[in-house]
Amino acid sequence: MGKLELLIWMPFALAFLLSMGNQSSSQFIPADNYLLACGSSVNITFQGRKFFPESVYENNDELELKSQKSVAVTSDSSSPASIYQSARIFQGRASYIFTIEQLGQHWIRLYFSPLPEFHQNMSSASITAIADGVVLLNNFSFMEYGGSNLIKEYAIDITSPTLALTFIPSANSLVFVNAIEVVSIAGDHGIYAINNTSVHSLSLSKFALETVYRLDVGDESLTTRNDDLGRDWESDEKYMASNSRALNVSVDPEAIQDNPRSVTHLTAPKWVYATAKAMADARSRNLSWVFPVNPNNNYFVRVHFWDIISNLENYAIFILFIDGAYATRVDLYSQESYSYIYERHHMDFVVSTRGNNLTVTVAPDRTANSTNATMNGLEIMKIVTEVRTLDGRALAKLSVILGSIFGATAFLVLFAVTSYYLKTCRSQASSRAITRSCRLFTLQEISEATNNFDECLLLGEGGFGKVYEGTMNDGEKVAIKVANAQSRQGLREFRNEIELLSKLSHKNLVSLMGYCNEETQMILVYEFLANGSLSGHLYGTNFLPLSWKQRLEICIGTAKGLHYLHTGAAQGIIHRDVKTANILLNENFVPKVADFGISRKGPPLEKSHVTTLVKGSFGYLDPEYFRTKYLTEKSDVFSFGMVLMEVICGKPAIDDTRPTEHINLARWASSCQDKDTFYEIIDPNLMGKVNLDSLNKVRELAWKCLEESRTNRPPMGYVLCELEDALHIELASRIQQVSMDCAIDVVVENGIKDEKEQ
């Protein structure tokens, strides 16, 4: 499960830098307000704001365009005027130099849209954009983007009287831009974040931020509506984990009044607060939104609330979860009794992500007898801290820097050296699928790391061969898997594992560090995971029992890894051997899916399955796949259902030491289910230590995953949301129990005090 490394709710009245303070629109006039229609010769009104030609600012000595090769182009389209009908095209490095009146945070918005009738192919242009050393775009191309229009919005700290916004085309290419905004932001507000146990003040004005998501929750049919600050709000529908759980509600925006004690329309427009999502009925567990994000980044998350669903008998009290972790308890009436219903407010958080998805969830606080939860708006921005780059890699940034110092020749030399290095690595790998992220180890290095394959360092043995604990020369511990010459898994599986893992990156997938293919030896080197396999902790020896919370967190992390496999690539990847022995745990019990030797790419979009020979582990094998040889992502879902059953029961899927009728755990559990005696096979270590609603939810989910027909099994995204629901239930029950314990302690303490006084 993702952890909130940096997280704190901020006071309602605290404004974020992008709010531009709690001022009315009439009071706020940006000191810097450049709305630039690049390449245009006329003023253009776009979404209620007027953009001006470059010449208007140049004539006032506010702007300077430095470019050796540029041309202004205009579309012949007769459609209404738009900033996308003109553009400035550069065939060499070019910079817009803006005069800055007010130092500090500024919004920078870049607008891009290729003009189809232009004689050069603008769609294939490779765009790099840099603002005062911050890489905003790195070799962006519409060929990969897939859309027609693009708006990129950033908040950048400007510390000098000028801003240099530089565009760099790649070799033999061009770069273009349709419109540019540079607008000063009023105020410089800090936010607070918790890092471990220390509280630090993070002034976001010192960082660069990129707007990733800005949602008007509850509005299915967003039309072009003007935000006084030029912000773009989109509908939340496509991000909902389950639309069937949600109900759109709304009120008249004119009913919302600005209040100096609360937020104003500068924080978010009235029409954002006038719409919301609520739960469709009391049977719904929660409302959850899922957002693709870059792993290992910090994000600013702002959640907007205004209660338009409850009444005095049904308080709006609910729990907010971010990235699967408890964030805060929300009570929309807690500020000024019931009058607070007329005021809007927001909560701010900073979250550190490790996975490829960020979830935001609201769930009723059952301990307060609440039956609903709501949200009006949501903003997510990526925070750039130490490395000043928003899109791009270190190598690309280095290339840009070197290019600016040494010119085009140095860049070409760097490119040639890099290309030669990558080709050499591929040649040594003896496979085009092996990439530069995968190191080639010598047999001598492997032998030294394992003390000549000392059996004392043996971690386990599987279908591929033995796995040893190893220590490299730099002291780093690794896991070394050595192929068995008699193993059924040979060269194909060896290459398959390297090809897949060298292209995948997710915190819940095991990391392949390298390989060795020397003297007929086939060896794989992985990161070392100190806590072994999930199977060992469920029914192995010399292990402390896992709590229900730990088991849920492990299942959630595993589901995230599998969901990434199924959705993270163009065709998706089917693991084909999901089992508790292939779920490994690091020192913090973060799960990582391992063993990709028999994994397969999923079917292309036009097909529903892959026809292939049956492979996998008995007890976890999809019965439909076994009969038809039709492999789908739902085969992994079936196997994961058996993992859930093992997690509940603390017993292996297949155990021939059990009585004949109990050898197969799924059949045994099904028999108990039919007899209403399922409690008999629940892991005894859980009895009395688990919320039964949470456990039963996972049990029901396991049966859904174990459906005979794949069409009846849920996708992994659904499985993930249900598991997070189960965790929320468990956490809520713990909070309630702690409250009860505290109340009991107070009663006991008062009783003792009374006795002493008597």
Segment 337-354 - residue that is surrounded by fewer than 22 Cβ atoms within 10 Å (Cβ to Cβ) and not in a strand (DSSP E or B) and, of those, modelled with the highest pLDDT: ARG354
Just for segment 311-336: of the residues that are in contact with a helix residue (DSSP H, G or I) (Cβ under 8 Å, 6 or more places away or on another chain) and of a type in the set (Gly, Ala, Ser), which one is modelled with the lowest pLDDT? SER334
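With in contact (Cβ under 8 Å) with a residue 12 or more places away in the chain and either assigned to a helix (DSSP H, G or I) or not aliphatic (A, V, I, L, M) (or both) as the only criterion, which of ALA530, ALA559 stands out? Talk me through it step by step, then tell me what you get.
On the way: ALA530 fails: either assigned to a helix (DSSP H, G or I) or not aliphatic (A, V, I, L, M) (or both).
So the residue among ALA530, ALA559 that is in contact (Cβ under 8 Å) with a residue 12 or more places away in the chain and either assigned to a helix (DSSP H, G or I) or not aliphatic (A, V, I, L, M) (or both) is ALA559.
Does ALA278 satisfy the condition of being modelled with pLDDT of 85 or more and either farther than 29 Å from ASN369 by Cβ or not assigned by TED's automatic domain parsing to the domain that holds ARG49 (or both)? Before the answer, list the steps.
Details: modelled with pLDDT of 85 or more: yes; either farther than 29 Å from ASN369 by Cβ or not assigned by TED's automatic domain parsing to the domain that holds ARG49 (or both): yes.
Answer is yes for this residue.
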Which residue pairs have Cβ atoms under 9 Å apart, sit 6 or more places apart or on different chains, and have a first residue in segment 676-693 that is outside any loop (DSSP other than H, G, I, E, B) and a second that is among the acidic types (Asp, Glu)? ASP693/GLU730
If you scan segment 693-720, which residues turn out to be crowded, with 23+ Cβ neighbours inside 10 Å and under 21 Å from ALA327 (Cβ atoms)? LEU720
Give me the pairs, please: first residue somewhere in segment 125-145 and assigned by TED's automatic domain parsing to the domain that holds SER160 and among the acidic types (Asp, Glu), second residue anywhere and part of a strand (DSSP E or B) and crowded, with 18+ Cβ neighbours inside 10 Å, beta-carbon distance under 7 Å, and either six or more positions apart or on two chains. ASP132/ILE156; ASP132/ILE158; ASP132/LEU163
For segment 534-583, what are the residues that are farther than 21 Å from LEU358 by Cβ and of a type in the set (A, V, I, L, M)? LEU534, LEU538, LEU544, LEU546, ALA570, ILE573, ILE574, VAL578, ALA581, ILE583
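The values are calculated or read from the model by the stated rules, or taken from the named source; none is laboratory data. If you're wondering where the values come from, they're calculated on a predicted model, not measured in any experiment. Using ideal geometry, Cβ is built from the backbone for each residue, glycine included, and neighbour counts are taken over all protein chains shown.
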